[in-house]
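**Student:** The structure's right below; bear with me while I get my questions together.
The values are calculated or read from the model by the stated rules, or taken from the named source; none is laboratory data. None of the values given here were measured: they were computed from a predicted structure. Reconstructed Cβ throughout: ideal geometry from the backbone, glycine too, with neighbour counts over all protein chains shown. Ligands, DNA and RNA are stripped out before the accessible areas are found, and what is left, the full protein with its side chains, is counted by its heavy atoms. Shrake-Rupley method; radii C 1.70, N 1.55, O 1.52, S 1.80 Å.
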Amino acid sequence: MTAPAAKTHATPPAAPDIDADDVPLYAARRAIYPQSVHGTFRRIKWIVLIVTLGIYYFLPFVRWDRGPDAPNQAVLIDFPARRFYFFFIEIWPQEFYYVAGLLILAALILFLMNAVAGRVWCGYLCPQTVWTDLFMAVERLIEGDRRERIAADNAPWTIDKISHKTLKHTLWLLIAWWTGGAWVLYFDDAPTLVRELATFQASATAYISIAVLTFTTYVLAGHMREQVCTYMCPWPRIQAALTDEYALNVTYLLDRGEPRGSLKKVAQLRAEGKPAGDCIDCNQCVNVCPTGVDIRKGLQLDCIQCGLCIDACDNVMDKIHRPRGLIRYESEANLEARARGEAPVRRIVRMRTILYAALICGIGGLMLATLVNRSSEGLAAIHDRNPVFVRLSDGSLRNAYTLRLINKKLYDRSFSVSVSGVPGATLSVVGTDSGSESDVLTIGPDQTREVRVLVTTRDKLDAGASLPVTFEIRDTATGVAARANDHFIAP
Amino acid sequence: MSTAHESHDAHVDAASGTATTGHEWDGIRELNNPLPRWWLWTFYACIFWAVCYWIAFPAWPLVSNYTTGVLGWNSRAAVQGQLADLRALRATTSERLATASLQEIEKSPELLALARAEGRVAFADNCAPCHGAGGGGAKGFPNLNDDDWLWGGTLAQIQETLTHGIRSGDDLGHQGNMTPFGAVLSKAEISDAADFVRSLSGLVPADTPSVQKGAAVFKANCAVCHGEDAKGNQELGSKNLTDGIWLYGGDKATIVQTITNGRGGVMPAWGERLSPTTIKALTVYVHTLGGGQ
Ligand code: SF4
Ligand code: SF4
């Protein structure tokens, strides 16, 4: 039964030579065993890895003194108190537009990076890349380099193999767990939370968040790896639409490399005076590639442009005494110039980079300006809805409002409250004994205070009048004021 | 799975070398590429999850019931649990509301905010149907924002009214009625008295003849409760008739109706239904609406 079926599979009639790389979308995953490599780009990647992960894991422990009434954690998202702290910046929920601005900036910086140097984000900075790199390093440390790993995976299960695998997955899980653990530290006082976590006194939310992030880190960096980039991530698709002929791509110089052949064959061709390429078909560039790409086939979606194949190839070129740079960062424009025999040009300054840079400076400047000039007091007024106005027994007319006073400074402040716009109006604040025209209210550090105020006038107003009124609060110490507008309504 | 396409006409696509499903639509054939394996696992995991969910949680409707799930979770119990948590969370603050005096609550900005927040909710739940969402009142139900109080507008008086009600059947509640004068006075006398009452807040000129006559009627019949000066008496719940604020309406027909048939609106004794702390919060809330004395 199975024989003819297997045959259909094995020898499709009239099927051309198919490379699995051409149909990646619905293929079962090929195992990829990236080989270790040394070189410039590898070194850059290590540095980026150490710096970014260092920041991620340790930033929650950085302290920042804000005074006695505020948390002293430099970066803190305080959900219960609805505050976001970032060093000298403190953001209230109604200022969430700063975060939107930050995201816009981040997107523009990504675009600029792409216009200048292609997928540097993917190759060096993306968390997916950084953590995968870390997990691969652990894998190499425990199970050995490419050859040993392939051999081990093909070999039957032995105690040795089992213990290696167990150790690897344990280490992966530990790193993943630490990753999740560091994440929750951004949401509460880090040293306290660490103590609570260790003594099982932290909230269920903390443990669940850690568990979820442990799971995702372990799966994405340990098992999914390049599949995240190829199948799941939107950036390669967007990047492909954004790029132009001046952006740098990791490129194999076809004209220099081909015709490829073994060292011996190439030497023979050269001796005969026939054209011979520099590529000795050693497959090193493919072996080191974390996504299993053969860069010699040209630009591919799977290639995250990490530059590791450049390192691998440069090492080979050094050994066979050929010039480096058979694989290199190169722009499409330069490739064309090279084909025409012209000198290469680097055009970093061009329309789109100028535009991105200008947008980044503009938006960044705007955000900075608003941040610096941001007022640290605020006032909002809401008119009573029922009843809209009240007639008192002496015939005077009253409207009631709820005022919300905001003090964004980290110390107590007193504000005098006053109203203008209604003839003969007096203002009284409910809950403090006063009937005078202005009243002083104290607001705690970094707090809001809601008070009910009554505006009463004995003057006769036109029937159905709706007068614009302005409430003002004025800091009794500095004289800084905030205002809010509303209406005074007559029957 | 891998043999699904083979039962049909096993056609192999020339361009990609991949077998097709054997189905053909106007010459277009569907390639039979396998799904990525992790995708399949995700799919199975979802099915597994769904089955576990059915077992653990309420899921399937039955004829007169539903499957309750082995965890015994239901949304009603969940809400009750959350409410209990909330009460526990608020225990310390409601404790302070319970022990502080009404004056202390109004003096402390923190307790005031607390009492007003609780009072606002209790008011919306219990009082708003008659007095309106913000205590603005309606015909027969006093506006609680003004400074005209039938039974007194101090904190203690408001608390007492709230606790025992008005004509509520509670022995400690306020009792007084507006007596019907339809059988005692003639229609003309009632009309004159109404004119007199309206003249007190300037709705009818004081020198109108009927007002003069009405004054005599008022003195003989009404002044007992409403006072010689018609300013009312909070002991009896008799209304101040001079301030231009009307509970049932200040037009002549309504006043005639009031005098003829009397009035006797009812307010429930909330002490029977609400906790003393809630009544305190309500008292402070009503007192701070603007008319408190
Ligand atoms: S493709 Fe996406 S996930 Fe992969 S490295 Fe680039 S940005 Fe990161
Ligand atoms: S082809 Fe080269 S640059 Fe691209 S992902 Fe592989 S190693 Fe990195």
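**Student:** May I ask you to verify whether B:Ala115 is of a type in the set (Gly, Ala, Ser) and open to solvent by 60 Å² or more (accessible area, probe 1.4 Å)?
**Tutor:** Judged against the criteria, B:Ala115 is not a match.
Residue-by-condition table, conditions (1) within 17 Å of A:Ala31 (Cα to Cα); (2) among the polar types (S, T, N, Q); (3) in contact (Cβ under 8 Å) with a residue 60 or more places away in the chain:
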site	(1), (2), (3)
A:Leu141	no, no, no
A:Asn154	yes, yes, no
A:Ala204	no, no, no
A:Arg225	yes, no, yes
A:Cys233	no, no, yes
A:Asp244	no, no, yes
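**Student:** Would you check which residues across segment A:220-241 are basic (Lys, Arg) and more than 14 Å from ligand 2 (Cβ to nearest atom) and list them?
**Tutor:** Selection gives A:Arg237 alone.
To keep it simple, each residue is scored yes or no on (1) free of Cβ contacts under 8 Å to residues at least 60 places away in the same chain; (2) more than 20 Å from A:Cys361 (Cβ to Cβ); (3) away from ligand 1 (no atom under 11 Å from the Cβ); (4) not in a helix (DSSP H, G or I).
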site	(1), (2), (3), (4)
A:Tyr98	no, no, yes, no
A:Asn114	no, no, no, no
A:Gly123	no, yes, no, no
A:Val130	no, yes, no, no
A:Phe135	no, yes, yes, no
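**Student:** Is there a residue in segment B:67-81 that is under 30 Å from B:Ala156 (Cβ atoms) and open to solvent by 100 Å² or more (accessible area, probe 1.4 Å)?
**Tutor:** No: zero hits.
Here's the yes/no breakdown for (1) touching a strand residue (DSSP E or B) at 6+ places or on another chain (Cβ under 6 Å); (2) open to solvent by less than 50 Å² (accessible area, probe 1.4 Å):
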| position | (1), (2) |
| --- | --- |
| B:Gly165 | yes, yes |
| B:Lys231 | no, no |
| B:Thr242 | no, yes |
| B:Leu247 | no, yes |
| B:Asp251 | no, no |
| B:Thr254 | no, yes |
| B:Thr258 | no, yes |
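**Student:** Just checking, how many residues over segment A:264-291 are β-branched (Val, Ile, Thr), more than 10 Å from ligand 2 (Cβ to nearest atom) and surrounded by fewer than 20 Cβ atoms within 10 Å (Cβ to Cβ)?
**Tutor:** So the answer is 0.
**Student:** Taking the condition of being in contact (Cβ under 8 Å) with a residue 40 or more places away in the chain, within 13 Å of another protein chain (Cβ to nearest Cβ) and more than 10 Å from ligand 1 (Cβ to nearest atom), how many residues in segment A:206-223 meet it?
**Tutor:** Residues in segment A:206-223 being in contact (Cβ under 8 Å) with a residue 40 or more places away in the chain, within 13 Å of another protein chain (Cβ to nearest Cβ) and more than 10 Å from ligand 1 (Cβ to nearest atom): 1 in total.
**Student:** Which pairs turn up if I take residues in segment A:275-303 that are under 11 Å from A:Leu326 (Cβ atoms) and look for partners that are open to solvent by 10 Å² or more (accessible area, probe 1.4 Å) and within 14 Å of ligand 1 (Cβ to nearest atom) with beta carbon separation below 8 Å, at least 6 apart in sequence or on another chain?
**Tutor:** Short answer, once both residue conditions are applied: A:Ile295/A:Cys289; A:Ile295/A:Cys303.
**Student:** Let me ask something additional. Go through segment A:115-134 and give me each residue that's closer than 21 Å to A:Val293 by Cβ, buried (at least 21 other Cβ atoms within 10 Å of the Cβ) and away from ligand 2 (no atom under 15 Å from the Cβ).
**Tutor:** A:Trp131
**Student:** How many of the residues in segment B:215-229 are closer than 27 Å to A:Leu397 by Cβ and open to solvent by 30 Å² or more (accessible area, probe 1.4 Å)?
**Tutor:** The total comes to 1.
**Student:** Give the residues of segment A:299-324 that are over 17 Å from A:Arg43 (Cβ atoms), open to solvent by 10 Å² or more (accessible area, probe 1.4 Å) and more than 12 Å from ligand 2 (Cβ to nearest atom), sorted by residue number.
**Tutor:** A:Val316, A:Lys319, A:Ile320, A:His321, A:Arg322, A:Pro323
**Student:** Being among the charged types (D, E, K, R) and open to solvent by 40 Å² or more (accessible area, probe 1.4 Å) is the filter here, so list the residues in segment B:167-176 that pass it.
**Tutor:** B:Arg167, B:Asp171 - these are the residues of segment B:167-176 that are among the charged types (D, E, K, R) and open to solvent by 40 Å² or more (accessible area, probe 1.4 Å).
**Student:** Hey, does segment A:282-290 have a residue that's within 16 Å of ligand 1 (Cβ to nearest atom) and either in contact with a helix residue (DSSP H, G or I) (Cβ under 8 Å, 6 or more places away or on another chain) or among the hydrophobic types (A, V, I, L, M, F, W, C) (or both)?
**Tutor:** Within segment A:282-290 (the criterion being within 16 Å of ligand 1 (Cβ to nearest atom) and either in contact with a helix residue (DSSP H, G or I) (Cβ under 8 Å, 6 or more places away or on another chain) or among the hydrophobic types (A, V, I, L, M, F, W, C) (or both)), the answer is yes, since at least one residue qualifies.
**Student:** Are any residues in segment B:121-156 polar (S, T, N, Q) and either more than 9 Å from every other protein chain (Cβ to nearest Cβ) or more than 16 Å from the chain's Cα centre (by Cα) (or both), and if so, which ones?
**Tutor:** B:Asn126, B:Asn145, B:Thr154
**Student:** Check whether at least one residue in segment B:26-45 is open to solvent by less than 80 Å² (accessible area, probe 1.4 Å) and more than 14 Å from every other protein chain (Cβ to nearest Cβ), and report yes or no.
**Tutor:** Yes: one or more hits.
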